[in-house]
Amino acid sequence: MTASAERRDAIGGPTADGAARPSLLYAVKQVELAVRAHLDELLRPTGVTTLQYTAMTVLARREGLTSAELARNSFVTAQTMTDLVTSLERRGLISRAPDPAHRRRLLISLTATGRAFLAEHAARVADIEARMVSRLTDDEQASLHDVLNRCRAALATHPAQ
């Protein structure tokens, strides 16, 4: 197979046997939708949405973010984040406090209740991830993690136009 034929295979052109292969972007989106469906199902009884959960996991890794920073790291718009923050704060899962260096900025952090929420659901979320990669070897899992991070980094250095 030629390099251009291999490239067509990777981006959605016909495969060597003539069958149509979905594009890589389509496959990534399908994985995202499947993960989202599982997280939605897991979180539905708690009243916390998948987007709220994602924002909380960002705060677990990086405390003291502004709403705009949290929005960027959670892959939502600033307006959406405003609504998420308000809801999470009402539930006592996060708190906002003035930035000591810039009093006009509010920094968002997880509360003890928010940390407990994440801890309570960590094993079941890990089960979803384990199921997702269950057909991969340990080496393939490590490689997938590395490749996805490099793909993310490549897109971050070339923002959408």
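Along the range 80-93, what does the Karplus equation 6.51 cos²θ - 1.76 cosθ + 1.60 (θ = phi - 60°) give for ³J(HN,Hα), rounded to whole Hz, x for Gly and Pro?
Going residue by residue, I get 4, 5, 4, 5, 4, 4, 4, 5, 5, 5, 4, 7, x, 8 Hz, with x marking Gly and Pro.
I need two numbers for the range 26-98: Rg to one decimal and Dmax as a whole number, Cα atoms only, in Å.
Considering the range 26-98 through its Cα atoms, Rg and Dmax are 12.8, 42 Å.
Only sites in a loop by DSSP and with at most 14 other Cβ atoms within 10 Å count here; which trypsin sites (Lys or Arg not before Pro) in the range 22-73 make the cut?
When the trypsin sites (Lys or Arg not before Pro) of the range 22-73 are filtered for loop state and at most 14 Cβ neighbours within 10 Å, Arg62 remain.
Once the principal axes of the Cα atoms of the range 59-161 are found, what is the range along each, listed largest first in whole angstroms?
49, 39, 23
Pop out the carbon and sulfur fraction of the accessible area of the chain as a percent, whole number, probe 1.4 Å. Provide the component values of the computation, followed by the final result.
Working: 6390 of 11200 Å².
Reported share for carbon and sulfur atoms: 57 percent.
Just flag the GluC sites (Glu not before Pro) in the range 54-155 sitting in loop per DSSP whose Cβ has no more than 13 other Cβ atoms within 10 Å.
Glu63
Using the alpha-carbon atoms, what tilt in degrees (0 to 90, nearest 10) does helix 112-132 show relative to the longest principal axis of the chain?
Once rounded, one gets 10 degrees.
The values are calculated or read from the model by the stated rules, or taken from the named source; none is laboratory data. Treat the numbers as computed from the prediction; the structure is a model and nothing was measured. Note: ideal-geometry Cβ built from the backbone for every residue, glycine included; neighbour counts use all protein chains shown. We work out accessible area using only protein heavy atoms, side chains counted, and drop any ligands, DNA or RNA first. Shrake-Rupley method; radii C 1.70, N 1.55, O 1.52, S 1.80 Å.
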